[in-house]
Amino acid sequence: MRLKSVGIIASVALVVTVLAGCSAPQQHSASGPTGSSLPKPDKPITLHILDVSGDLSTNKPMIENFVKANPKLVGSVQFASGSATDVVGKLQAQEAANRVDIDVILTGPLALSQMAAQKQLVKILPDYASHVPNLNKILTPAARDFQTVAKGYGVVIQGAGWAGPIWAYSKKNVSNPPKSPQALLAWAKAHPGKFTYANPTTGSGPSNAFIDALPYMLGDKNPVDPTKGWSKTWEYLQELSKYVVSYPSSGTSATFTGLASGAYDLVPSEGGWDKLEHSSGVLNDNFGIYAFNNPILSSDGHFAVVPKGVPASHIGVDLALASWLLKPEQQAIGYGLSNVFPVQGVKLSMAPSSAQSAYAAYAGSSLFKRLATAKTTLPLNGDNVQAMYDKWNQLIGSQK
C-alpha cells in the first residue's frame, strides 16, 4: 500500500519498461465523454473496483455501504486487487480492445501520475466538478494541498497528511537506532545487509517517502527535480547501496516479512503500515518504530480515479462513490489504520467499536503526536516520478 500512508498507509511504475529504466511507450488512449452532463444508468450497474495501492483494507466496507445505500445505481460490486506496476499495461490492453471494464481505480499518486501521463484517465476536475463535493470546503488544508498532485485526474479519498519515512526496527538487534540520514548510512555500513527498502518502482509508500524526503533532509538544490537537482541524494543513495544486498521487487510487505524473520534489522515504514503489520501479527512487540530527529516527512494519500472508456452513465455512479467515500462517517471506518483523514469533521465516536479499539493502541503515541507537527512536503508527481525511477534504476537498481 503506499498502504495508507499518511498515517495510513499506505503507492506504480510502468510495467516492464519502468523496471528496466526505460521511458514509457506511446499508448492507445480511449476517449472520454465531453461536457459536464452525465446520464444516469438505465438499470443498476455492476461496479468494478480495482485497487492497486492497498486501499481495500480500509475502504471496502465503505464501498459496500455505498452499494447498499444506492440500489437504483448499483446492483453489485466486484473487487479486484492489482499492482501499481501493472496498471498502465492493464488499461492499455483494455483500451486496445475497446473494452474498458474498470469503473474506479484506487491508487496512490505515483500510479496516478503514470496513468495521467498516458492519457488514460477522465479529467474529473474541473470537468465534472458538479458531480463531487466542493473540495475546497470539505478537505483539510493538508488534503487541499495534496489534491493538487492529482492535477484534476483524481479525487483524494484517503490520508493526505504526514506519511514517512519513519523506521521499523528490531529492538533486540538495534539498541541505538540511527536518528539522521548520516547516522543511517553509518549504521548500514557497520551492519551490511541488515538494512533495505523496497524497489521504489513497485509503488512502495515507505520507499518512495524515504527517497522523496531525502533531498529535503540533505539540502539538495532542487528537491522537486530528481534529474538536475538531486546531486547529494543520488550520491547518498549510491553510497548506501554498497551495504544493501537487494531491494525487494515484490513491494513493501517483503521488507516487513524480512524484518520479522531476521533477514533485516531496519526498514522504512509509515504509520499505517506499522499498524497493519502489528495488527496482522507479522510484527510483534519485539519490533519498534521511531522517526529521525527533526524529521522532514513526505506526505501521502490515495485517490479515486476513473479510466477513460467507461460508459458515461457509469462515470456518474463512479463519482457518486468518490463523493460517498468523503463523508466523515464513512471516513471514520478507517480509524483502525489511520491517523489522518482528508476531510474535516471525522470523529472517533463515528467509528465502529473495532476501529476505535485498534486506534486506541496508537492514539496516545508520543511519536505520532510529534509527527503531527513535523515539516511535511509533497511527494514527486507527474514526469518527475518517471525521471526518478529511471535515475534510480540506472544508478541503483541495475547494480544489484
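Read the figures in this text as sums done on the coordinates, not as results from a lab. Computed from a predicted structure; not experimentally measured. Because the Cβ atoms are built from the backbone with ideal geometry, glycine has one as well, and the counts that use them run over all protein chains shown.
Work out, step by step, the length gained on full extension between Lys43 and Asp225: first 0.36 nm times the residue separation, then minus their alpha carbon distance; give nm to one decimal.
Extra length available between Lys43 and Asp225 comes to 60.7 nm.
For a footprinting-style exposure proxy, rank Ser366, Ser354, Ser241 by other Cβ within 10 Å, fewest first.
Lowest count first: Ser366, Ser354, Ser241.
Which pairs break 27 Å Cα to Cα here: Lys90/Lys232; Lys275/Lys375; Lys43/Lys137; Lys194/Lys275; Lys151/Lys308; Lys68/Lys369?
Lys90/Lys232; Lys43/Lys137; Lys68/Lys369
At 0.36 nm per residue, and after removing the present C-alpha to C-alpha distance, how many nm does the segment from Gln182 to Asn70 gain when stretched out fully?
Extra length from Gln182 to Asn70 when fully extended: 34.9 nm.
Can you bin segment 33-79 into rounded, prolate or oblate? Criterion: square roots of the alpha carbon gyration tensor eigenvalues sorted a ≥ b ≥ c, rounded for a/c under 1.5, prolate for a/b above b/c, oblate for the rest.
Verdict is oblate for segment 33-79.
Non-local amide H neighbours of Val343 (under 5 Å, H modeled in plane, Pro and chain starts lacking H): which ones?
HN-HN under 5 Å from Val343: Thr140.
If the cut-off is 17 Å between C-alpha atoms, which lysines fall inside it for Lys228, apart from same-chain ones fewer than 8 positions away?
Within the straight-line cut-off, Lys228 pairs with Lys391.
How would you rank 137-143, 192-198, 95-101, highest first, on the average number of other Cβ atoms within 10 Å across their residues?
Top of the packing list down: 192-198, 137-143, 95-101.
Kindly state, to the nearest 0.05, the FRET efficiency for Glu239 paired with Ser398, given R0 = 22 Å and r defined as their beta-carbon distance.
For R0 = 22 Å, the calculated efficiency reads 0.85.
Where both partners of a DSSP beta bridge lie in the chain, what percent of those bridges are antiparallel, to the nearest 5?
Around 60 percent of the beta bridges assigned by DSSP in the chain are antiparallel ones.
Let me know the shape class of segment 62-161, please: from the alpha-carbon gyration tensor, a ≥ b ≥ c as square roots of the eigenvalues, rounded when a/c is under 1.5, otherwise prolate if a/b is greater than b/c, or oblate.
oblate
Tell me, in nm to one decimal, what length is gained between Lys232 and Ser354 on full extension, where the rule is 0.36 nm per residue of separation less the Cα-Cα distance?
Extending this stretch completely gives an extra 39.4 nm.
For the chain, what does -39500 (n - 2.57) per DSSP helix run (n ≥ 4), summed and divided by total residues, give at 222 nm, in deg cm²/dmol to the nearest 500?
Mean residue ellipticity at 222 nm (helix-derived): -11000 deg cm²/dmol.
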